[in-house]
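Each remark here refers to the structure printed beneath this line.
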Amino acid sequence: MRKLLPAILILCLFSTAAQAGLTVVGKGDNMRFDPSAFPPAMKSAYEIMKVRCIKCHTLERTVVAITTGIAPISGQPFDRKATKAYGVKMLRKPDSNMNRQEIKVTVDLMNYLLDEAAR
Amino acid sequence: MQNAVVAVLALLIAVALPLADAQNAYAIPAFSRQCRTECSTCHTLFPELNEYGQAFLKNGYVYANKQAGEKAGEAATPSGKASPGQMQAGSKEKIKGLLLSGIPKWIPLSASVNQSLSYNDHAPDGDHWHFTTRDVVLQAGGSFLDQVGFYATGNIYVHDSSSSQNGPNRLDELFLVWRRILGAPVNIKFGKFEPKLSLWKKSDKVIANSFATSAFKVGNSPFSLQSTQDALEANAVVADRLFMAAGMVDQHGEIGKDAYGHLSYRIGGADFLGNEPEVDLEKESVWDYLSMTLAVYGYKGFNKDPFGSGNGNNFYRIGGDLDILYKRARLRFSCVSGEDSNSGFIFPKTERNPLVVATEAEYYFGSPAKVAGLFRYEYQNDGTGVVRRYIPAIAYIPLQNINLALSYMHEDQPQSINRQLLLDVTLSF
């Protein structure tokens, strides 16, 4: 127990408060979701997100948008309509290098995360 | 001399190579700082604007769908319970700046430095090679409470004053945009700026060479499409995909002598407010990636005779632009014609009818894009002779705020053929 308590305290230091169904770890540029509780399909989608999306921006932007419901740059509501729009934006972005299937699973993931954040 | 050039080239390459693998590079000029976003939000390759950069520009340097005074943190959340920790990382930072009487949180200044290495086989001074710090430009831009946008550029240093219409140490642009005036979707722009004619601002390109259609001048007339002028302009985005602008220019205290208008329409792609098109993610379609923007414009003006003889120049320009984007390929086409009654300011008057055409094909490489290859063809007939230019070029953007462009220009003039090689480095910070 003496060893476990400091470990729990350290873990608390590196975790930030999150929505009921989501665990967010790290701060600032290192902020990201903890996918350990995601369903298998969402876990594999998260693998795509964390590789593709960070080519242009950190995951902090995605985490803030999903957990607050506000896109941090545009200040617009970040809802299911917005996740689809961002998916289309990335599909059309000349250098995103994301194919249709990757876009689709990433949009599904963001919708799942929004639902979890709202719980 | 050639050894020195090789040494300089090697030095530039040595400086650039370590930047090639840089990851997560975030540029920091004024808009990037104020909006807390990376340069690539608005520039696929700096400084060329993408659809969102164009929307940002058209909407007075504010994200288009944002209403005046709207604060990010006050928008409704789906759960209604954003956690304080995450709010700190995102919108709370914005709110603090916005609440302080509209003054931007960051001093909205940035600077650009442009240096070049050039070879010109018909150099007027006989020196074929030049290594030059061409200019240092101070820029300011942003918005006050999203109600009034502002933008300014001033030359801190210009190498060759004869190449700059405004000369060194002069203000190039300074204007305000009163957004959505009285609740209407109309912006009023006032100050010194490029009247909205062509689809593209003079800086909207990845190489240093300006488009002939924007840069050409006729005779001794100082007018070109990209000249900045003291003007008043009203513009509006109508039905999301139509952009209209009209304005008048102050020419030597004679307001109303010069007037212009612009209409542009986009088919496919994001609209002028930055909204994405409806796309079915289940079905593949060519139209999902295709975006076409068409523009027509006109300018009617008058140049006073700079020599004081009273023989002024009445002129007009009519032009059209087409911009096509498909995945990584971009095609631009531009054409302008007109008439000058006396661009030589002489007697008897000599009328000229210029016709200039430019077309450019560009392709982006990399993810994120770091390289663009392009080829431009220009045809310029200013009424005295025809000049044709063939310009292959490659631009390399190692970081989002550094542009290295290598271009070759083969210029076929009536009396001679000029060849110019230009390695251009632009840094913005």
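What the table shows:
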read-out	value
Qualifying residues in region A:95-113 (those that are more than 8 Å from every other protein chain (Cβ to nearest Cβ) and either over 16 Å from the mean Cα position of the chain (by Cα) or outside any helix (DSSP H, G or I) (or both)) - the one nearest to B:E38 (Cα to Cα)	A:M98
Residue among A:G75, A:G28 that alone is closer than 25 Å to B:Y52 by Cβ, surrounded by fewer than 16 Cβ atoms within 10 Å (Cβ to Cβ) and in contact with an Asp or Glu (Cβ under 8 Å, 6 or more places away or on another chain)	A:G28
Residue ID - nearest to B:F31 (Cα to Cα), chosen from residues in region A:67-94 that are facing chain B (nearest Cβ under 7 Å), within 16 Å of the chain's Cα centre (by Cα) and among the β-branched types (V, I, T)	A:I73
Hits in region B:150-193 (condition: farther than 18 Å from B:A140 by Cα, surrounded by fewer than 16 Cβ atoms within 10 Å (Cβ to Cβ) and at pLDDT 85 or above)	B:I181, B:L182, B:G183, B:A184, B:P185
Top-ranked residue of region B:312-351 - restricted to ones that are without any contact (Cβ under 8 Å) to a residue 40 or more places away in the chain and of a type in the set (A, V, I, L, M, F, W, C), ranked as nearest to the other protein chains (Cβ to nearest Cβ)	B:A329
Residues satisfying the stated conditions in region B:360-370, i.e. surrounded by fewer than 17 Cβ atoms within 10 Å (Cβ to Cβ) and more than 19 Å from the chain's Cα centre (by Cα)	B:F365, B:G366, B:S367
The one condition in (1) within 8 Å of chain B (Cβ to nearest Cβ); (2) assigned to a helix (DSSP H, G or I); (3) crowded, with 19+ Cβ neighbours inside 10 Å that A:A45 fails to fulfil	(1)
Any hit, region B:265-279, residues being away from chain A (no Cβ under 12 Å), free of Cβ contacts under 8 Å to residues at least 60 places away in the same chain and surrounded by 16 or more Cβ atoms within 10 Å (Cβ to Cβ)	yes
Residue tally, condition part of a loop (DSSP other than H, G, I, E, B) and farther than 19 Å from A:A117 by Cα, over region A:21-42	0
Residue in region A:48-66 that is in a loop (DSSP other than H, G, I, E, B), more than 10 Å from every other protein chain (Cβ to nearest Cβ) and either among the polar types (S, T, N, Q) or more than 29 Å from B:A64 (Cβ to Cβ) (or both) present	no
Some residue of region B:256-265 being modelled with pLDDT of 95 or more, within 19 Å of the chain's Cα centre (by Cα), hydrophobic (A, V, I, L, M, F, W, C) and under 29 Å from A:Y86 (Cα atoms)	yes
Qualifying position, being surrounded by 14 or more Cβ atoms within 10 Å (Cβ to Cβ) and either within 20 Å of the chain's Cα centre (by Cα) or under 30 Å from B:F315 (Cβ atoms) (or both), among B:V386, B:V357	B:V357
Output for region B:176-194, where each listed residue is in contact with a Ser or Thr (Cβ under 9 Å, 6 or more places away or on another chain) and under 10 Å from B:A152 (Cβ atoms)	B:K192, B:F193
Residues of region B:280-310 that turn out to be surrounded by 11 or more Cβ atoms within 10 Å (Cβ to Cβ), of a type in the set (A, V, I, L, M) and either within 14 Å of chain A (Cβ to nearest Cβ) or without any contact (Cβ under 8 Å) to a residue 24 or more places away in the chain (or both), as a count	3
Residue in region B:321-340 that is over 30 Å from B:A393 (Cα atoms), charged (D, E, K, R) and outside any strand (DSSP E or B) present	no
B:P414 vs. criteria at pLDDT below 95 and under 23 Å from the mean Cα position of the chain (by Cα)	no
Among (1) touching a strand residue (DSSP E or B) at 6+ places or on another chain (Cβ under 7 Å); (2) closer than 21 Å to B:N59 by Cα; (3) not β-branched (V, I, T), the one test that B:S221 misses	(2)
So B:S337, is it surrounded by fewer than 19 Cβ atoms within 10 Å (Cβ to Cβ), more than 25 Å from B:A295 (Cβ to Cβ) and small (G, A, S)	no
Region A:82-119 - residue that is over 22 Å from B:C42 (Cα atoms) and out of contact with any helix residue (DSSP H, G or I) (no Cβ under 7 Å at 6 or more places or on another chain) and, of those, surrounded by the most Cβ atoms within 10 Å (Cβ to Cβ)	A:E116
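The values are calculated or read from the model by the stated rules, or taken from the named source; none is laboratory data. Since we're looking at a predicted model, the values are computed, not measured. Using ideal geometry, Cβ is built from the backbone for each residue, glycine included, and neighbour counts are taken over all protein chains shown.
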